[in-house]
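Enquirer: Below: one structure in structure tokens.
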Amino acid sequence: MLLHFGGCRGKMGILLIRRVGLFCRAAHLSPQSLEYRPIKKVMVANRGEIAIRVFRACTELGIRTVAVYSEQDTGQMHRQKADEAYLIGRGLSPVAAYLHIPDIIKVAKENSVDAIHPGYGFLSERADFAQACADAGVRFIGPSPEVVRKMGDKVEARALAIKAGVPVVPGTDAPISSLQEAHVFAKTYGFPIIFKAAYGGGGRGMRVVRDYEELEENYQRAYSEALAAFGNGALFVEKFIEKPRHIEVQILGDKYGNVIHLYERDCSIQRRHQKVVEIAPAAQLDLHLRDRLTSDSVNLAKQVGYENAGTVEFLVDKHGKHYFIEVNSRLQVEHTVTEEITDVDLVHAQLRVCEGRSLPELGLEQDKIQINGCAIQCRVTTEDPSRGFQPDTGRIEVFRSGEGMGIRLDSASAFQGAVISPHYDSLLVKVIASGKDLPTAATKMHRALTEFRVRGVKTNIPFLQFVLSNSQFLYATVDTQFIDENQDLFILKPTQNRAQKLLHYLGHTMVNGPMTPIPVKAKSSPVDPVVPSVFLGEPPMGFREVLLREGPEGFARAIRQHQGLLLMDTTFRDAHQSLLATRVRTHDLKKIAPFVSHNFNNLFSLENWGGATFDVAMRFLWECPWKRLQELRALIPNVPFQMLLRGANAVGYTNYPDNAVFKFCEVAKENGMDIFRVFDSLNYIPNMLLGMEAAGAAGGVVEAAISYTGDVSDPMRQKYSLEYYLKLANELVKAGTHILAIKDMAGLLKPEASRLLIGALRDRFPDIPIHVHTHDTAGAGVAAMLACAQAGADIVDVAVDSMAGMTSQPSMGAIVACTRGTKLDTGVSLDRVFDYSEYWEVARGLYAPFDCTATMKSGNADVYENEIPGGQYTNLHFQAHSMGLGNKFKEVKKAYAEANKLLGDLIKVTPSSKIVGDLAQFMVQNSLSRAEVEERADELSFPLSVVEFLQGHIGIPHGGFPEPFRSKVELERGKTLHIKALALGDLNKSGQREVFFELNGQLRSVLVKDTAAMKEMHFHPKALKDVRGQVGAPMPGKVVEVKVKPGQKVEKGQPLCVLSAMKMETVVNSPISGIISKVHVNADSSLEGDDLILEITE
């Protein structure tokens, strides 16, 4: 036991301590080390709101404060709140600065710091930092280095928990050293399992694995994430507890072996294992379970001799069993809610314990700690929930907080004018609400969040408000799957932000004058389309019943045995993608869907998904493509649906992990998709096989599509010969495709070529259905499709008449009329086609601003020469007119043809068509001919898409990569607003002016670029073209990466830096060999064309 003699708490008298026996770690401390030593100056080795929280506590206790800050944090509030502030980590990255132990210790010693508080994150759980403090004679406000080490090592902490009799989740006894060990664990305990970083927390290095297919990928991801976050990639594996509650217990210990708990917090509301909302105490927690949790926490802390504040974390399963997870040997972000319900200032306690005070001296005895009401903490972050909580950065233009009774705010960067950088955590402010119970606290919190006004950056406030209004949150218990299982939380109403939008518009007009409208002046038609009448009752049976009854193989047989020509209608996707920039809303598709279901039941399929549908639905229409699929499926149950699947790219533009493609197909099939048209832009079989396997595994109909280019009827063009296509078809049939497709994206199939190609395929594969897709850019689409049908094609693609022609598909009405009464009769009613077309003719008027006919009045047979795919042709034509280059579109098309030849005559389908287009625009922008590009290939800075193509990122083209071009290119990887305009600010170094307003009596300002001044100002030296060693920016843009430094030797063609502009990244290569004498840019520099990047001395 310990005897305390004398010592007046009020006068902070020195405690005389005598050891009378062995008592945990007190038995190992000398009497001198247990003396009360007052702290006079505290440094916080952290930033943001936690630093300010500690400073405030110190000030209340009469302790002087010291802040440290990185070069990027010179304007941050925490350095202004301290008595002293010092720069650390000069020249280091933003995070590395706060991890640089030598600098922190140096500042502490030079400025007579008595103790260092680590805050949370950064160095707070680093035993080497705690030891460095001790070695320097500076107290560490936290546990001893040895305890930090033990608790920071998840495996050792687990072993200690077992020794203390605390239940743990089945897991490895030590960090695993290989993927094989994870395999063995999974085989022993079964899925799901979870990887956890052995030396850190916060959700980093944590991955849940549900089957063997996910194991390797998640192991690698968890390892690399742990390595990056904690400097050690060690992982251990545990059995994953499904849908647990995440309960943590706050503990507090002193130097004399006393340990108490301050009850629990419920941290179950999480996303990606990171806490979003915390509650104390845990709602509806069984009292016996609470006793077990708190008792186990105190016992574990006593066993290790725990000193200062810490948290013991548990999972509680649906049966009420609890399992130890870890100990966080630091103050937690959510310590605030515990303070609110216990009236204990945890930071005060930390400081006093560090000075040598005992818990009883501080009045902190277990029987005196009581729960009073309920507290909730919401972390308001600069994240956008509608985009997967993507962090947002920028300048806070408006900040107004929620306050009032029962509300506490802990913040650092929450003020008007603050700049939110991308370097650190996105936490803006912690809002803590207190009340007599959970519903009362939630009501106060909701009210406070409603009062917040944050403009300039996105926040998660709307999402938090939905959480606080959720009945499960308010009246039941939540688990860690709460957010995932309540997707309605993400149906967010966008903030109106009317005032700030208006100020930006007014500011822009004041600085730059009226904005020039784009050339297209078309307005949406005020007339809504009338839906043709539809019979009541169920729609007639269609081919989908065959598919559901007989499966993909039986479906394919039925298609092959069908008499007459079958049609696939592209009106629901590719037609409006080609003509209306994919802008057709689900609303207009749903209106006509019942008519289609009742009158076109004999269609082979409807193409209504994939491709640009995903991009446009989410980015421009703000719609969910999955919901579109579900709703159309309910309205059209009888006609098969078809989608595009870009092989290993799925519906994206890059290769995805195999399991992602498989899962995508599985979910697509579950939500109503039937036929998967699988293709690859280069006809690269390995990429196609993945998509075919994924579609097949999902139970879908696999339609392997060969992308067509060239002209099989021209004996002079033999790169893409008839034999080439037959060989590809043979491999796809062997791979098990149910249907064989020809995908003619540019509309290059002429009637004679159609007869040759389809005839040969029919002879070679008599039992396989053949499907042909084309575009009508040249105007010969109907003739070509009729030729295909006569040669043996079973299905051709069409669009309803008012959505056909030009860069869309051939006319449905024309094909129906031309085959009527022949053996190819489609069985489709021409009258119903007319009704269908009339709807779309009027509906098309709703999208007049996006209609290609605003700039393009007809198709053009020159597509046989330039081979530009239909959708891309439309986009390029519109872009040229928007940029005032409509009269030069012929040059753009010519450059496209030349770029195609430079790249070896590619099959041009997304994404390969984009590569050709990027190179063509690069050539036009820089006035380069094909010969000049070939000659100067070793010194030109090509678009990144071109470089990555030559690296093989999207596969290997038929015939290999173009030489010698490839060898020369360096392959580098309702209110009234009272507004008064006050003043225009001076031009800043970024070419912006600050425009000041008075809005409803409050001062507001916005930053506006002065376009005229920016043209005249020279922010950067220009590269002189007659000085050989000066390297200039090939185009305006932002520096993404600088790859060299002064004094470095470089070779001709070596990458120097990467620029990003207009959604295109460009690698700038060295035009000569030599030594870098000076670098004029750094990462994030904004450059204009010809701005000097660096200088090279030969």
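The values are calculated or read from the model by the stated rules, or taken from the named source; none is laboratory data. These numbers were taken from a predicted model, which means no experiment stands behind them. Here the Cβ positions follow ideal geometry from the backbone for every residue, glycine too, while neighbour counts run over all protein chains shown. Keep in mind that these areas ignore ligands, DNA and RNA; they rest on the heavy atoms of the full protein, side chains included. Shrake-Rupley method; radii C 1.70, N 1.55, O 1.52, S 1.80 Å.
Enquirer: When you go through 379, 408, 352 one by one, which is the residue that is under 21 Å from residue 141 (Cβ atoms), at pLDDT 85 or above and of a type outside the set (Phe, Trp, Tyr)?
Expert: Selected residue: 352, the only one of 379, 408, 352 that is under 21 Å from residue 141 (Cβ atoms), at pLDDT 85 or above and of a type outside the set (Phe, Trp, Tyr).
Enquirer: Taking the residues in the stretch 337-359 that are in a loop (DSSP other than H, G, I, E, B) and closer than 27 Å to residue 407 by Cα as candidates, determine which candidate is least open to solvent (accessible area, probe 1.4 Å).
Expert: Taking the candidates together, the pick is 344.
Enquirer: In the stretch 578-603, which residues are in a loop (DSSP other than H, G, I, E, B) and either surrounded by fewer than 21 Cβ atoms within 10 Å (Cβ to Cβ) or not aromatic (Phe, Trp, Tyr) (or both)?
Expert: 581, 582, 583, 584, 585, 601, 602, 603
Enquirer: May I pose another question? Which residues, taken from the stretch 360-387, are under 16 Å from residue 249 (Cβ atoms) and either basic (Lys, Arg) or open to solvent by less than 10 Å² (accessible area, probe 1.4 Å) (or both)?
Expert: 369, 375, listed by residue number.
Enquirer: Quickly run through the stretch 36-79 and pick out the residues that are assigned to a helix (DSSP H, G or I) and of a type in the set (Val, Ile, Thr).
Expert: Within the stretch 36-79, 50, 52, 54, 59 qualify.
Enquirer: Still on this structure, please answer the following. Go through the stretch 924-969 and give me each residue that's open to solvent by 70 Å² or more (accessible area, probe 1.4 Å), among the polar types (S, T, N, Q) and in contact with a helix residue (DSSP H, G or I) (Cβ under 6 Å, 6 or more places away or on another chain). Give the derivation first.
Expert: Step one: of the stretch 924-969, the residues open to solvent by 70 Å² or more (accessible area, probe 1.4 Å) are 925, 927, 930, 932, 934-936, 953, 956, 959, 963-964, 967-968.
If we keep only those that are among the polar types (S, T, N, Q) too, we end up with 925, 927, 967.
None; the set is empty.
Enquirer: Could you list, in sequence order, all residues of the stretch 97-120 that are in contact with a Phe, Trp or Tyr (Cβ under 8 Å, 6 or more places away or on another chain), open to solvent by less than 40 Å² (accessible area, probe 1.4 Å) and assigned to a loop (DSSP other than H, G, I, E, B)?
Expert: Hits for the stretch 97-120 are 111, 118.
Results for (1) among the aromatic types (Phe, Trp, Tyr); (2) part of a strand (DSSP E or B); (3) surrounded by 24 or more Cβ atoms within 10 Å (Cβ to Cβ), shown as yes or no for each residue.
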{"residue": "238", "(1), (2), (3)": "no, yes, no"}
{"residue": "241", "(1), (2), (3)": "no, no, no"}
{"residue": "246", "(1), (2), (3)": "no, yes, no"}
{"residue": "262", "(1), (2), (3)": "no, yes, yes"}
{"residue": "265", "(1), (2), (3)": "no, yes, yes"}
{"residue": "275", "(1), (2), (3)": "no, yes, no"}
{"residue": "279", "(1), (2), (3)": "no, yes, yes"}
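Enquirer: Here is a further query. Filter the helices (runs of 4 or more DSSP H) completely within the stretch 919-1012 down to those with at least 1 residues that are within 29 Å of residue 646 (Cα to Cα) and of a type in the set (D, E, K, R).
Expert: Passing ranges, in order: 944-951, 965-968.
Enquirer: When the stretch 57-88 is examined, which residues are found to be in contact with a Ser or Thr (Cβ under 8 Å, 6 or more places away or on another chain) and over 20 Å from residue 135 (Cβ atoms)?
Expert: Selection gives 58, 59, 65, 72, 76, 77, 81, 82, 83, 84, 87.
Enquirer: Can you tell me which residues in the stretch 1071-1088 are open to solvent by less than 40 Å² (accessible area, probe 1.4 Å) and not in a loop (DSSP other than H, G, I, E, B)?
Expert: Step one: filter the stretch 1071-1088 for residues open to solvent by less than 40 Å² (accessible area, probe 1.4 Å), giving 1071-1072, 1074, 1076, 1079, 1081, 1085, 1087.
Selection gives 1074, 1076, 1079, 1087.
Enquirer: Restricting to the stretch 388-408, count the residues that are closer than 23 Å to residue 47 by Cα and open to solvent by 50 Å² or more (accessible area, probe 1.4 Å).
Expert: 5
Enquirer: A further question on this structure: When you go through (1) at pLDDT 90 or above; (2) surrounded by fewer than 22 Cβ atoms within 10 Å (Cβ to Cβ); (3) not in a loop (DSSP other than H, G, I, E, B) one by one for residue 691, which number turns out not to apply?
Expert: (2)
Enquirer: So is residue 291 on the phi > 0 side of the Ramachandran plot and surrounded by fewer than 21 Cβ atoms within 10 Å (Cβ to Cβ) or not? Even if it seems obvious, please write down each step before you answer.
Expert: Numbers: on the phi > 0 side of the Ramachandran plot: no; surrounded by fewer than 21 Cβ atoms within 10 Å (Cβ to Cβ): yes.
So residue 291 fails the test.
Enquirer: Let me ask something else about it. Let me spell it out: the conditions are (1) over 21 Å from residue 838 (Cβ atoms); (2) more than 31 Å from the chain's Cα centre (by Cα); (3) not aromatic (Phe, Trp, Tyr), and residue 567 meets all of them except one. Which number is the exception?
Expert: Every condition holds for residue 567 apart from (1).
Enquirer: Looking only at residues in the stretch 207-233 that are in a loop (DSSP other than H, G, I, E, B) and in contact with a Leu (Cβ under 9 Å, 6 or more places away or on another chain), which one is nearest to residue 178 (Cα to Cα)?
Expert: 233
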